[in-house]
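A short write-up of the structure that comes next.
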2 protein chains.
Amino acid sequence: MKGKAVLNPADAAFVKRLAVAVPGLWLGAAEPRYLEEPRGRWRGQAGVLARPETVAQVSALLGFCHAERVGVVPFGGGTGLVGGQVASEGPVPVALSLERMRAVRQVDGQALVIEAGATLQAVQDAAAAVGKRFPLTLASQGSAQIGGCLATNAGGVNVLRYGTARALCLGLEVVLADGTIWHGLKRLAKDNTGYDLRDLIIGSEGSLGIITAASLRLHEPPAVEGVALLAVPSPAAAVALLGLAQARFAGCVSAFELISGQGLAFLREVGPEVALPFAADPDWSVLIELGLPAGMEAEAAFADLYEAAGDLVSDAVVAQSGVQAAALWQMRESIPLANRRIGAISSHDIAVPGADIPAFIAAATEMLREIGDFRLNCFGHVGDGNLHFNVFPAEGRRREEYEAIRSEVMAAVHRLVVKRFDGSISAEHGIGRLKVGELARSAAPAKMAMMRAIKTALDPRGILNPGVILPAAS
Amino acid sequence: MKGKAVLNPADAAFVKRLAVAVPGLWLGAAEPRYLEEPRGRWRGQAGVLARPETVAQVSALLGFCHAERVGVVPFGGGTGLVGGQVASEGPVPVALSLERMRAVRQVDGQALVIEAGATLQAVQDAAAAVGKRFPLTLASQGSAQIGGCLATNAGGVNVLRYGTARALCLGLEVVLADGTIWHGLKRLAKDNTGYDLRDLIIGSEGSLGIITAASLRLHEPPAVEGVALLAVPSPAAAVALLGLAQARFAGCVSAFELISGQGLAFLREVGPEVALPFAADPDWSVLIELGLPAGMEAEAAFADLYEAAGDLVSDAVVAQSGVQAAALWQMRESIPLANRRIGAISSHDIAVPGADIPAFIAAATEMLREIGDFRLNCFGHVGDGNLHFNVFPAEGRRREEYEAIRSEVMAAVHRLVVKRFDGSISAEHGIGRLKVGELARSAAPAKMAMMRAIKTALDPRGILNPGVILPAAS
């Protein structure tokens, strides 16, 4: 079964048959919000929206879609930035939302078993209710669902210490393409019984199976926590400061985020209104969060780091309270919103080896200077070697004026990342539908061949989120 | 191509053709050491031993074996405990050793790129040479090769803090079944560009591809380190003490190992001679290693923990020097050797959810009391929910007397682990050839189906380490 046949549309007749085949399954028209994505680049299509309440319904739905060769596009919180949640092309699919599956199934001090439709915020709250922490943290956590976070292997600001979503997941319940349920909700820290299917499903963006529940690893909250914003003279100083922080506080640096002067200027220009702690915006600064053992004091730790840093740090603001710490984080987390208000020509979620961050920023900046007149806001998870390197119109110019060179900008940045730095064109946002072509062009041929072989093996008819990561069969 | 055809043997005629097809490839008879495994349960067979020097030679070798449908059994350091490195049944295969591929290809403060034949000790040394640490730590690290450690997703004593081999690997170079080379030696902390092939290959025990080189994540050594041995009244107290340690020192507990009084008695009975720190051997004790930030003192930290622990700890020895710390670790690491001298009836590398460790020990002990007269040495990585639960003859009796009930013992322990605790029958040692049947009986059917589909997709002729994890085609 090579599955090369084109899919069938989820047309009215199909929907009628589906309703009969899976009695009790909520089916209805997909409201516009299920067909949108945050950057407004795609408008999705769906013949019907399914909102199952149980894994048995998901299983029956997929089994039927498999039999009828109809595509299924899972929609979580809708916050993904690469179009993975909306299919605008191809035979019209079924949109699948697990929003009604959000129950906590089990929780103890070490693991939380929760259904995929729960928001990340709800997961964090459930962990906090037992005195623990689920450290995955995203600006969009009020909407993003844990199923989507796992399907996309979400990152965020605490990856440096706790890893991505993948590192925080102990087990999965997954419905496969033909409706088979994989009961894999183990709560084990170690399990070497065969291939790592869990991590294969995580990050597969709904193209190998539908995650219906997850067993999540809970962490102990650090005994002592503190946040500071440190002005640094350059990205190279930021990277050196990270090395210094890790040497002193190995295992205790919870976040290390780069902020550019351009990002602060955008906040002043378009808001949202947030407290900017330095009188004059530094060209570069880093937001550091420490989570320390009992017996330490965060302020003293930051003072020691400041002392040791010498010329690597030119100014520092240490939060004196939880409110001040939250204000610093709010500033950091407001940058993407300011970016959206300015309107990027092209956004790049890139990773390079950590030590190469300064060289990458210098090379990319110089390269773009030759292409046109831009403003660059380069910020983010420098502790992970991951930058959001976003390109904006020069002051007073409009985004539309750059439409003709948009793809040139994206291709040039990605080429630099891949060819010169052996980096990643998608460090944390995934491939979705946005970067399918870029991936095919830039990835190792053997990697693409393995991915196609696995997709064909696990979803031979290609019904699961068609067109994501790999081109849809046609 | 369903690959159900039986493999051909690596007979003399094949070896002659191979020598012509891959000129320059070292080929010779497999000395006995390439056909042995530490527990002496299997004796391997090999038509020829190949010792390539380059990835190109590995590629040519596999391409030829693929074309001729001849099996390839990779042999690393030979320290695996489940027979993954030796094939005693089926058509005689090629034995493949990468011992001549052990070069450091690249190293900086964050990543080490090294070839698969390097020993784990050599990897640790290469990390130390740049002031960093590769924290994977095994008793067998002088022999175990990094390629084997990754192929089996090795664990060891520092998983609690740093994760298994999988968490310490950034990228791989892999030769696939048909000889294709996947150049995936990325040095990135984050990379969401498609399926997680790296983690699929890691832990696949050589059955999906041959790892020829790896890019490894280096860690900053903790600023302050300390080791202590704490006597505890029960496994429940050990688990409670772990919770207390994590609450105070989250992220800084590097190891937390359970030691049973039986293990200490074995050391006294058969050696090796090591310092036993308590005058009277406690029934249960835990070896704790802390790696703390600058500004803390390990002794004071242990004193605080002891104070907070109350009745959870009855006695404590805190290492006052690196020599004392090494002596405590040597005691811990000598337990497997003492076990081997006593001679286990059956050894179980099991995991359960961490909180269930005390209940598991109690239930397994009671269950075995009904089966026969044994001594139990239950020890290991309690911080990971992973125990080595090993069953020995009663005092004065010989292992051979138990041969008739050996498989009953193993089956009973595994049934308890799987049915009652939803645990793992192989937390860190893998499936190899030892547990193929157990896995097929105990794993979720959907998991087995997915694994078979992936094996067929990536190795359609079944030449890679046939009979490991899944039964060989026949």
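Results, tabulated for the structure shown:
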quantity: Cβ-based net charge around A:VAL82, under 10 Å, with every Lys or Arg adding one and every Asp or Glu removing one; calculated: +1
quantity: Residues of segment B:306-331 with amide N under 12 Å of a point placed 7 Å along Cα→Cβ from B:GLU273; calculated: none
quantity: Around B:LEU244: net Lys/Arg minus Asp/Glu count, Cβ-Cβ under 15 Å; calculated: -2
quantity: Dipole of the protein assembly as shown [Lys/Arg +1, Asp/Glu -1 at C-beta], most positive-end residue of A:ILE211, B:THR79, A:SER321; calculated: A:ILE211
quantity: Estimated translational D of the protein assembly as shown in µm²/s (Stokes, Kirkwood radius over Cα pairs; 25 °C; 0.890 mPa s); calculated: 85 µm²/s
quantity: For B:ASP281, A:ASP315, B:ASP196, B:ASP373, order by how many other beta-carbon atoms lie within 10 Å, fewest first; calculated: B:ASP373, A:ASP315, B:ASP281, B:ASP196
quantity: Distant-in-sequence amide H partners of A:GLU36 (H built 1.01 Å from N, under 5 Å); calculated: A:GLY44
quantity: Segment B:205-363: C-alpha gyration tensor shape, a/c 1.5 cut-off, then a/b vs b/c; calculated: rounded
quantity: Distances in nm from A:GLU401 to the matching label points in the other copies, shortest first (labels 7 Å along Cα to Cβ); calculated: 9.3
quantity: Cα-based helix-to-principal-axis angle, A:55-68 vs chain A, degrees rounded to 10; calculated: 60 degrees
quantity: Semi-axis lengths, Å, segment B:358-455, gyration tensor of Cα atoms, sqrt of 5 times eigenvalues; calculated: 26, 16, 12
quantity: Fraction of the pair-distance distribution of segment B:81-198 above 23 Å, Cα-Cα pairs, percent; calculated: 33 percent
quantity: Average Cα contact separation per residue, chain B, under 8 Å, 6 or more apart, as relative contact order %; calculated: 17 percent
quantity: On Cα atoms only, tilt of A:235-249 relative to the major axis of chain A in degrees; calculated: 90 degrees
quantity: Selection from B:ASN390, B:LEU368, B:LEU434 lying farthest towards where the dipole of segment B:354-436 points positive, charges on Cβ; calculated: B:LEU434
quantity: Order of A:ARG43, B:ARG187, B:ARG217 under a 10 Å beta carbon neighbour criterion, fewest first; calculated: A:ARG43, B:ARG217, B:ARG187
quantity: Chain A: radius of gyration and largest Cα-Cα distance (Dmax), Å; calculated: 22.8, 71
quantity: Degrees separating the helix A:406-415 axis from the principal Cα axis of chain A, which is the longest one; calculated: 80 degrees
quantity: Förster radius 56 Å - calculated FRET efficiency between A:ALA294 and A:ALA394 (Cβ-Cβ, nearest 0.05); calculated: 0.65
quantity: Phi to ³J(HN,Hα) by Karplus 6.51 cos²θ - 1.76 cosθ + 1.60 over segment B:149-160, Hz, x for Gly, Pro; calculated: 4, 6, 4, 9, 6, 4, x, x, 8, 10, 4, 3
quantity: Chain B, helix-only ellipticity at 222 nm - DSSP H runs n ≥ 4, -39,500 (n - 2.57), divided by all residues, nearest 500; calculated: -10000 deg cm²/dmol
quantity: Lys, Arg +1 and Asp, Glu -1 on Cβ, resulting dipole of segment B:179-300 about Cα centre, debye, nearest 20; calculated: 540 debye
quantity: Global geometry of segment A:1-123, whether rounded, prolate or oblate, following the gyration tensor of its Cα atoms and the 1.5 cut on a/c; calculated: oblate
quantity: Fewest-first ranking of B:SER334, B:SER426, B:SER97, using other Cβ atoms within 10 Å as the exposure measure; calculated: B:SER334, B:SER97, B:SER426
quantity: Partners for B:LYS132 among aspartates and glutamates (Cα-Cα distance below 20 Å; same-chain residues under 8 apart left out); calculated: A:ASP356, A:ASP384, B:ASP108, B:GLU115, B:GLU220, B:GLU225, B:GLU289
quantity: Dipole in debye (nearest 20) - segment B:74-205, about Cα centre, beta carbon charges: Lys, Arg +1; Asp, Glu -1; calculated: 500 debye
quantity: Between segment A:245-274 and segment A:292-313, the alpha-carbon center distance in angstrom; calculated: 17 Å
quantity: Net +/- balance of residues flanking A:ALA103 in space, Cβ distance below 13 Å, scoring K and R +1, D and E -1; calculated: -1
quantity: Check: chain A dipole with +1 on Lys, Arg Cβ and -1 on Asp, Glu Cβ, in debye; calculated: 1860 debye
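Since every read-out is calculated from the coordinates, none of them should be taken as a lab result. Model, not experiment: these values are computed from the prediction. Counting neighbours? That spans all protein chains shown, and the Cβs are built from the backbone with ideal geometry, glycine included.
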